[in-house]
Amino acid sequence: MKTEFELNTTPLDALKQTDNRPSVITTREVAAVTVVEAAALSATRKYFAETKFTEVLVPHITKVTGACENIDTLFELDYFGQTAYLVQTCQLYLEALIPKLGKVFCIGSSFRAEPDIDERHLTEFALVEIEFPGDFEQLLVHIENIVHAMIHAAADCPELDTLGVDRTRLKNVTKPFPRITYTDAIKKLNEMGIEIGWGDDLKSKHEKILAGSAPLFITHYPEAIKFFNMRRNENPLLVNSCDLILPYSGEAVGAAEREYDHDQLLDKLEKSAMYARLLEKGKTIEDFKWYLDIVREHPIQHAGCGIGLNRVMQFILGSDDIRACTAFPMNKESLM
């Protein structure tokens, strides 16, 4: 007869523990999660090889151009007398290589000084980033193909049986993924009695409601709540951006067409809330000069995204807790 604990838990529940991670490292559950994660990454690299993306080895210690995605979670350090940061995104560095290499990608760590210990936040997580010459529609196709490949490669892993995951659910994920605009998403939430206004950022709870049981693209967000170099839409209040929302995890991919008009880009940067925060930290426009100069010299239409591997793994494993979805979940209590 099963105990109450066995009836009310899953094989993944034990993996949520981070304050004594060594106690679970040698379990078959951690081994199974790692194999599934490897399969998803292998499918990603296979797609990049087939579509002629070049892999780039990127820095993990950068100036503010690699750490300006979330000003509130910067890991700051002294780099031989200079202020430096653990990288949050390699987006701008990948963009700089487009003129000579075209399609580029990297797979590496993104660092966030997240103070919370919970089911959603990590201080270090794996990020798959791409940049390529192309437009918004091509971007959505790449994202769809990569995430679809990850999910179906994972579905073939017998290790999912060890974790109690229904592989049929994963095999039933089909393309194309449905889409909804940010504006229509706000209307839909309002119709459901949820109070949220146009211009508000969507929270994880909103994203999960909208996604339901399948991947969902939310497109064309307000410019005011997005990164400065996202390309402005024909509607000047919007940008050509999208988030891919997955059940269990919420936002798993952030993406956009990039602004490639130098003067427009400079104006957007100087007017952004992010830049205002950086000025308070003593930064200046000189911190972005190298990037702005490259855009001025090589005005190429391009687009890109960042895919959070651990968020995709949450969907694959059917877990509401990101800590259960990788062998070494990093937060402020998990240092080994």
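A Cβ distance below 9 Å, combined with a sequence gap of six or more or placement on separate chains, defines the contacts here; from region 151-178, residues that are farther than 19 Å from Thr44 by Cα reach residues that are of a type in the set (Phe, Trp, Tyr) and crowded, with 16+ Cβ neighbours inside 10 Å in the pairs Pro178/Phe217. Have a look at Asn229, Asn233 and point out the one that is touching a His at 6+ places or on another chain (Cβ under 8 Å) and of a type outside the set (Lys, Arg). Exactly one of Asn229, Asn233 is touching a His at 6+ places or on another chain (Cβ under 8 Å) and of a type outside the set (Lys, Arg), namely Asn233. If only residues of region 300-318 that are of a type in the set (Gly, Ala, Ser) and within 17 Å of the chain's Cα centre (by Cα) are counted, the one that is farthest from Ser213 (Cα to Cα) is Ala303. Scanning region 212-234 for residues that are buried (at least 20 other Cβ atoms within 10 Å of the Cβ), charged (D, E, K, R) and not in a loop (DSSP other than H, G, I, E, B) turns up just one, Glu223.
If you go through region 96-117 and keep only what is in contact with a strand residue (DSSP E or B) (Cβ under 7 Å, 6 or more places away or on another chain) and under 18 Å from His60 (Cβ atoms), you end up with Leu97, Val104, Phe105, Cys106, Ile107, Gly108, Ser109, Ser110, Phe111.
In the set Thr18, Thr65, Thr34, which member is among the polar types (S, T, N, Q), touching a helix residue (DSSP H, G or I) at 6+ places or on another chain (Cβ under 6 Å), on the phi < 0 side of the Ramachandran plot and assigned to a helix (DSSP H, G or I)?
From the options Thr18, Thr65, Thr34, the qualifying one is Thr65.
Out of the residues in region 123-138 meeting the condition of being more than 19 Å from Ile71 (Cβ to Cβ) and among the aromatic types (Phe, Trp, Tyr), tell me which one is surrounded by the fewest Cβ atoms within 10 Å (Cβ to Cβ). Of everything passing the filter in region 123-138, Phe136 is surrounded by the fewest Cβ atoms within 10 Å (Cβ to Cβ). When residues in region 87-105 are screened for being in contact (Cβ under 8 Å) with a residue 40 or more places away in the chain and either surrounded by fewer than 21 Cβ atoms within 10 Å (Cβ to Cβ) or not in a strand (DSSP E or B) (or both), 12 of them pass.
Please verify whether His142 is out of contact with any Ser or Thr (no Cβ under 9 Å at 6 or more places or on another chain) and assigned to a helix (DSSP H, G or I), treating the condition exactly as stated. Walk me through it before giving the result.
On the way: out of contact with any Ser or Thr (no Cβ under 9 Å at 6 or more places or on another chain): no; assigned to a helix (DSSP H, G or I): yes.
No, not satisfied.
Every residue, every condition in (1) in a strand (DSSP E or B); (2) touching a helix residue (DSSP H, G or I) at 6+ places or on another chain (Cβ under 9 Å), yes or no:
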{"residue": "Ile107", "(1), (2)": "yes, yes"}
{"residue": "Ser110", "(1), (2)": "yes, no"}
{"residue": "Asp116", "(1), (2)": "no, no"}
{"residue": "Ile130", "(1), (2)": "yes, yes"}
{"residue": "Ala154", "(1), (2)": "no, yes"}
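The numbers here are math on the coordinates, done by the rules we state, and not lab data. In this text the structure is predicted, and so the values were computed from the model without any measurement. A quick note on method: Cβ atoms are made from the backbone with ideal geometry, for glycine too, and the neighbour counts reach across all protein chains shown.
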